[in-house]
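What follows is a short report on a single structure.
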Amino acid sequence: MILPDKRPVQSDFANLTDYSLECPKGARKFFAFIHFTDESTCLWSNIFTFNRTYALMLAIEKFGDCLEYVSSINIHEQEY
């Protein structure tokens with residue numbers, strides 16, 4: 001079956017993930033897609049915390065300098 005490519009165009013996509021991080025014992029692993037008003041998207045993965053609310057707070061803190069350009073933040077839990 002041929003499926004359309006749903007990934008964003010490379011020029012409109014940034015990945016800020018630090019793959020060297022290890023998940024602390026007992027923490028959950030989240031990732032976030034941050035969408036901006038210019039239709040660009042950013043992936044930030046390896047967010048280690050104990051609940052989704054704190055993962056959202058970390059994403060807001062990370063992108064605090066440009067919040068006026070953020071159109072949405074989607075937080076997802078990553079299964080191991």
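The values are calculated or read from the model by the stated rules, or taken from the named source; none is laboratory data. It should be emphasised that the depicted structure is a prediction, and the values quoted were computed from it without experimental measurement. Using ideal geometry, Cβ is built from the backbone for each residue, glycine included, and neighbour counts are taken over all protein chains shown. Only protein heavy atoms, including side chains, enter the accessible area calculation; ligands, DNA and RNA are left aside. Shrake-Rupley method; radii C 1.70, N 1.55, O 1.52, S 1.80 Å.
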About its Cα centre, how strong a charge dipole does the chain have in debye, to the nearest 20, once Lys and Arg get +1 and Asp and Glu get -1 at the Cβ? 380
Looking at region 14-79, which chymotrypsin sites (Phe, Trp or Tyr not before Pro) are in a loop (DSSP not H, G, I, E or B) and have at most 14 other Cβ atoms within 10 Å? TYR19, PHE50
Would you give the gap between the C-alpha center of region 17-32 and the C-alpha center of region 36-66, rounded to a whole Å? 13
Counting only protein heavy atoms with a 1.4 Å probe and every protein chain in place, the carbon and sulfur fraction of the accessible surface of the chain in whole percent equals 55
If you roll a 1.4 Å probe over the heavy atoms of the protein chains, what accessible area per residue do you get for the chain, in Å²? 75
If you work out Cα Rg over 2.2 N^0.38 Å from the coordinates, which of (i) 1.93; (ii) 1.01; (iii) 1.18 do you get? (iii)
Stretch in the chain that is longest and holds no GluC sites (Glu not before Pro) that DSSP places in a loop and that have at most 11 other beta carbons within 10 Å: 40-78
Per DSSP loop assignment and a cutoff of at most 15 other beta carbons within 10 Å, the chain keeps its longest run without exposed trypsin sites (Lys or Arg not before Pro) at 26-80
Which whole-number percent gives the relative contact order of the chain, counting Cα pairs below 8 Å spaced six or more residues apart? 33
